[in-house]
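Worksheet for the structure shown next.
The values are calculated or read from the model by the stated rules, or taken from the named source; none is laboratory data. All values derive from a computational prediction rather than experimental measurement. Counting neighbours? That spans all protein chains shown, and the Cβs are built from the backbone with ideal geometry, glycine included.
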Amino acid sequence: MKKVMTAKEIFKKIFLIEIFQGLALTFRHMVSPAITRQYPEVKREPFPGSRGLHALVRDSVTGKEKCVGCGLCAAMCPSQCINIYTSEGEDHKKVVDRYEVEVLRCVFCALCVEACPYGAIVLTPHFEYAGFTREEFYYKKDRLLENWDKYMAGPRGDEYLEKYWGPKLSDFTSNGKSDSEERKDS
Ligand code: SF4
Ligand code: SF4
């Protein structure tokens with residue numbers, strides 16, 4: 001059955017009300033101030049808890065990576081972008097020869113962080129990085145440890161971990177103490 005138009009609908013059709021409403025909206029946008037930021041001079045605060053580059057946690061006692069090469073992070077990674085190569089060291093202990101992350105394939109899900117039983121890998125809040133080749137985004141062990149020193153060691157890292165990885169916080173420490181606790185003690 002054909003629907004009968006109401007008086008309001010007829011009025012709108014005759015006077016092209018919706019077209020004028022659309023034009024008014026367009027005009028409002030044309031005269032409103034632009035919100036373009038002049039990056040990198042003007043930067044926005046990152047969203048709280050944003051996940052950026054990976055870092056291998058450096059043990060504050062030994063100064064080496066905490067990673068023991070168990071491979072759980074690589075097994076959990078849905079992008080299969082973590083590659084770990086180990087060998088047998090002194091006392092038959094496993095030695096992590098290479099720990100590499102193909103950053104361009106990563107989806108920043110943080111499953112690797114959650115899977116690690118030793119709190120040996122984290123995602124840092126640093127998300128501003130660029131490069132010209134794929135190789136630049138193939139992060140090796142040294143670079144991942146460097147990321148820890150640059151973006152996570154000290155109060156900034158403590159704050160980030162406390163805020164967003166609270167339940168796992170003790171995992172990221174050595175001797176059961178966080179970097180900040182060790183600083184307080186010393
Ligand atoms: S954040 Fe997710 S995708 Fe990226 S390395 Fe970790 S597990 Fe893999
Ligand atoms: S980062 Fe953690 S889960 Fe991954 S190999 Fe090292 S100790 Fe195992």
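Report whether or not P33 is modelled with pLDDT under 90 and either outside any loop (DSSP other than H, G, I, E, B) or surrounded by 13 or more Cβ atoms within 10 Å (Cβ to Cβ) (or both).
no
Which of the residues that make up region 117-133 are within 13 Å of A55 (Cα to Cα), more than 10 Å from the chain's Cα centre (by Cα) and either away from ligand 2 (no atom under 16 Å from the Cβ) or assigned to a loop (DSSP other than H, G, I, E, B) (or both)?
Within region 117-133, G119, A120 qualify.
Within the set of pairs 6+ apart or on separate chains, which have a first residue in region 157-181 that is under 18 Å from E45 (Cβ atoms), a second that is at pLDDT 80 or above and hydrophobic (A, V, I, L, M, F, W, C), and C-beta atoms under 9 Å apart?
Qualifying pairs under 9 Å: G157/A55; G157/V122; G157/W148; Y160/V122; Y160/M152.
Any residue that is of a type in the set (S, T, Y), over 19 Å from the mean Cα position of the chain (by Cα) and surrounded by 10 or more Cβ atoms within 10 Å (Cβ to Cβ) - is there at least one of those in region 57-68?
yes
Within region 6-14, does at least one residue satisfy the condition of being surrounded by 10 or more Cβ atoms within 10 Å (Cβ to Cβ), assigned to a loop (DSSP other than H, G, I, E, B), without any contact (Cβ under 8 Å) to a residue 60 or more places away in the chain and more than 16 Å from ligand 1 (Cβ to nearest atom)?
No: region 6-14 contains no residue that is surrounded by 10 or more Cβ atoms within 10 Å (Cβ to Cβ), assigned to a loop (DSSP other than H, G, I, E, B), without any contact (Cβ under 8 Å) to a residue 60 or more places away in the chain and more than 16 Å from ligand 1 (Cβ to nearest atom).
Whether any residue in region 104-116 is within 16 Å of ligand 2 (Cβ to nearest atom), surrounded by 11 or more Cβ atoms within 10 Å (Cβ to Cβ) and over 22 Å from E162 (Cα atoms) is what I want to check.
Scanning region 104-116, I find at least one residue that is within 16 Å of ligand 2 (Cβ to nearest atom), surrounded by 11 or more Cβ atoms within 10 Å (Cβ to Cβ) and over 22 Å from E162 (Cα atoms), so the answer is yes.
Checking Y139 against (1) without any contact (Cβ under 8 Å) to a residue 60 or more places away in the chain; (2) aromatic (F, W, Y); (3) within 30 Å of Y39 (Cα to Cα), which test does it fail?
(1)
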